[in-house]
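Here is the structure we will look at, set down as structure tokens.
The values are calculated or read from the model by the stated rules, or taken from the named source; none is laboratory data. All figures in this text were calculated on a predicted structure; none of them were measured in a lab. Quick reminder, even Gly has a Cβ in these numbers, built from the backbone with ideal geometry, and neighbours come from all protein chains shown.
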Amino acid sequence: MFYLNEVVKQKWTPYDYAASTFWWITGSFAIPLNCILIYLIMFKSPKSLQLYSIFLINTTLGDLVFSISCTLAQIRIIPNKWAFAYISLGPAGWIGGAQGGYWAYCICFIFSESPPDEIVAYLKQNKPFYKVDHFFISGNHMINSPLTSVTLATIVLPMFPIYCLVIFFYKKVHNYLLHNKTTMSEGTEKGHRKLIQVLTIQASVPIFFVFPPITLYGLYHLEFIDVTVAEYLVYTLFSVIPLIQPIITMYYIKPYNHGFRRIFCRWMIRPIPTKSLTTVYGERETHYSSTRYE
């Protein structure tokens with residue numbers, strides 16, 4: 001069912017236009033990049049990267065689904081005391097209304113959703129200066145729906161110990177490589193170090209694009225700050241993650257880097273005499289190289 005009549009009546013603010021434009025831009029790049037990376041993982045992965053490619057394709061599929069959902073939903077989140085509302089600015093709301101936007105961006109909250117009329121009434125009482133009529137609004141009330149608090153806790157709290165574990169295992173692997181140099185060939189050691197570097201960079205992305213918006217959301221929800229732009233920054237920053245992750249992977253993992261360039265950047269590749277090329281999976285002979293990428 002389409003809700004185009006409601007869309008026409010919406011009164012967008014400059015924040016709405018800016019955030020929506022940002023979501024369309026990140027989605028326009030993130031979706032094709034993740035599709036390309038999935039293709040490269042499936043058809044260009046060497047045997048020595050098979051185990052890593054299984055992990056990588058799962059992550060990439062998750063990024064693809066997230067980028068599609070984020071682009072379709074385009075969420076503005078309005079937290080206030082004991083409740084928070086979601087406004088869907090994207091096409092998911094045009095098709096499914098409040099439920100369409102809700103399904104697109106947070107399936108985990110389905111069973112704790114409050115009636116839209118209740119959330120609208122709460123907004124009008126606590127944010128009377130917001131003109132949210134005709135927008136597709138859904139949300140949760142933490143007192144009336146206790147499951148909301150449980151779901152929030154399971155999403156937010158595990159991230160901190162998980163990243164402590166990432167740092168711990170990174171140091172363990174780094175020390176292992178440091179003390180076992182003599183038992184590895186130079187190519188193998190460089191390959192392992194490159195792989196650890198890639199994983200470290202990917203694990204560091206949320207430090208800049210997950211923790212800051214969650215902290216901002218918490219401060220805004222608890223009313224320590226009152227800045228309208230905070231309602232848009234949470235999911236606009238989240239939408240950058242599935243854009244950055246495939247770029248990091250295709251830049252650092254040589255087989256995917258070469259596969260991408262052979263498909264889209266043939267003019268950058270020039271044949272040179274055969275030489276040994278150290279890659280993330282060891283040494284091999286190649287007839288292709290580019291001084292720009294080595």
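Numbers at a glance
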| item | result |
| --- | --- |
| Output for segment 17-27, where each listed residue is free of Cβ contacts under 8 Å to residues at least 24 places away in the same chain and hydroxyl-bearing (Ser, Thr, Tyr) | TYR17, THR21 |
| Filter pass, LEU89 being at pLDDT 80 or above, in contact with an Asp or Glu (Cβ under 8 Å, 6 or more places away or on another chain) and either buried (at least 16 other Cβ atoms within 10 Å of the Cβ) or aromatic (Phe, Trp, Tyr) (or both) | yes |
| Candidate set from segment 194-248 (those that are in a helix (DSSP H, G or I) and polar (S, T, N, Q)); member that is surrounded by the fewest Cβ atoms within 10 Å (Cβ to Cβ) | THR215 |
| Residue list for segment 209-243, filter: without any contact (Cβ under 8 Å) to a residue 24 or more places away in the chain and out of contact with any Pro (no Cβ under 7 Å at 6 or more places or on another chain) | THR215, LEU216, GLY218, LEU219, LEU222, PHE224, ILE225, ASP226, VAL227, ALA230 |
| Tally, over segment 1-27, of residues that are hydrophobic (A, V, I, L, M, F, W, C) and modelled with pLDDT under 80 | 5 |
| Residues (of a type in the set (Gly, Ala, Ser), in a helix (DSSP H, G or I) and over 20 Å from VAL240 (Cβ atoms)) located in segment 66-94 | GLY93 |
| Search result, residues across segment 249-270 that are within 17 Å of THR60 (Cα to Cα) and either of a type in the set (Val, Ile, Thr) or not in a helix (DSSP H, G or I) (or both) | THR249, ILE253 |
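The rows are residues; the columns are (1) among the hydroxyl-bearing types (Ser, Thr, Tyr); (2) surrounded by fewer than 17 Cβ atoms within 10 Å (Cβ to Cβ); (3) without any contact (Cβ under 8 Å) to a residue 40 or more places away in the chain; (4) part of a helix (DSSP H, G or I).
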position	(1), (2), (3), (4)
GLU6	no, yes, no, yes
TYR15	yes, yes, no, yes
ALA30	no, no, no, yes
LEU37	no, no, no, yes
ILE41	no, no, no, yes
SER53	yes, no, yes, yes
LEU64	no, no, no, yes
